[in-house]
Amino acid sequence: MKYVLLLTIFILATSCQFFETEKISSETFYDEEIKTIDWKEVDQYPVFKACESLSEKKEQKMCFEKTLSMFLFEAVSNNKDVSIHSLHDTIHIQFSISEEGKLTVKNIAMDSLTKAELPRLEERLINKIDSISLTAPAYKRGIPVKTKFTLPIVLQTDDPL
């Protein structure tokens, strides 16, 4: 009986460690959480007025791209410059959208021949982008975030007469 009592006391004395919970520091929790976030994707894309009713991420992205493309198509098609040579160029517009939803052009990359043939095109694109207004910026985990985009514009003119 003595041995059973000693064995029971020994088990009770050493078993307390099985009931302890491991405490995780806030820094460790934060570091683990940061690793799980995909920083290249947003939870909600920037929103134009026409896209406000969409709730699916895929639909939001398509609406954002389509609306932005329409704005830029207007700027290119309203260009009254006449090209002497035929042009086949892809213009890459890099822009960012701030946490407040303000669009800013960072860079417009185009061929030197395109710049020479259509000298006011870059200015028209910048003015058009500056006039675009968003109703909301992009969101990541419920927080407005700054986003960067690159949009290609394929420019092709007919052969001159």
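Test of understanding: among ILE93, ILE126, which residue is assigned to a helix (DSSP H, G or I), β-branched (Val, Ile, Thr) and surrounded by 14 or more Cβ atoms within 10 Å (Cβ to Cβ)?
Selected residue: ILE126, the only one of ILE93, ILE126 that is assigned to a helix (DSSP H, G or I), β-branched (Val, Ile, Thr) and surrounded by 14 or more Cβ atoms within 10 Å (Cβ to Cβ).
Within the bounds of the stretch 71-87, is there any residue that is charged (D, E, K, R), assigned to a loop (DSSP other than H, G, I, E, B), touching a Leu at 6+ places or on another chain (Cβ under 9 Å) and within 19 Å of VAL154 (Cβ to Cβ)?
Yes, because at least one residue in the stretch 71-87 is charged (D, E, K, R), assigned to a loop (DSSP other than H, G, I, E, B), touching a Leu at 6+ places or on another chain (Cβ under 9 Å) and within 19 Å of VAL154 (Cβ to Cβ).
Name the pairs whose Cβ atoms lie under 7 Å apart, with the first residue in the stretch 34-55 and within 15 Å of PRO144 (Cα to Cα) and among the aliphatic types (A, V, I, L, M), the second assigned to a loop (DSSP other than H, G, I, E, B) and at pLDDT 85 or above, and 6 or more positions between them or separate chains?
From residues that are within 15 Å of PRO144 (Cα to Cα) and among the aliphatic types (A, V, I, L, M), the pairs are VAL47/LEU134; VAL47/THR135.
Considering the stretch 137-148 alone, what residues qualify as being surrounded by 12 or more Cβ atoms within 10 Å (Cβ to Cβ) and not in a loop (DSSP other than H, G, I, E, B)?
ALA138, TYR139, LYS140, PRO144, VAL145, THR147
Suppose we filter LEU151, LEU134, LEU121, LEU155 for residues that are crowded, with 17+ Cβ neighbours inside 10 Å and under 30 Å from GLU56 (Cβ atoms); which single one remains?
LEU134
Looking at ALA109 and the list (1) surrounded by fewer than 16 Cβ atoms within 10 Å (Cβ to Cβ); (2) farther than 29 Å from LYS146 by Cα, which single condition is not satisfied?
(2)
Can you name every residue in the stretch 51-70 that is under 11 Å from LEU134 (Cβ atoms) and not polar (S, T, N, Q)?
Passing the criteria: CYS51, GLU52, PHE64, LEU68.
The values are calculated or read from the model by the stated rules, or taken from the named source; none is laboratory data. Keep in mind that what you see is a predicted model, and the values were worked out from it rather than measured. Note that we place each Cβ from the backbone using ideal geometry, even for glycine, and neighbour counts take in every protein chain shown.
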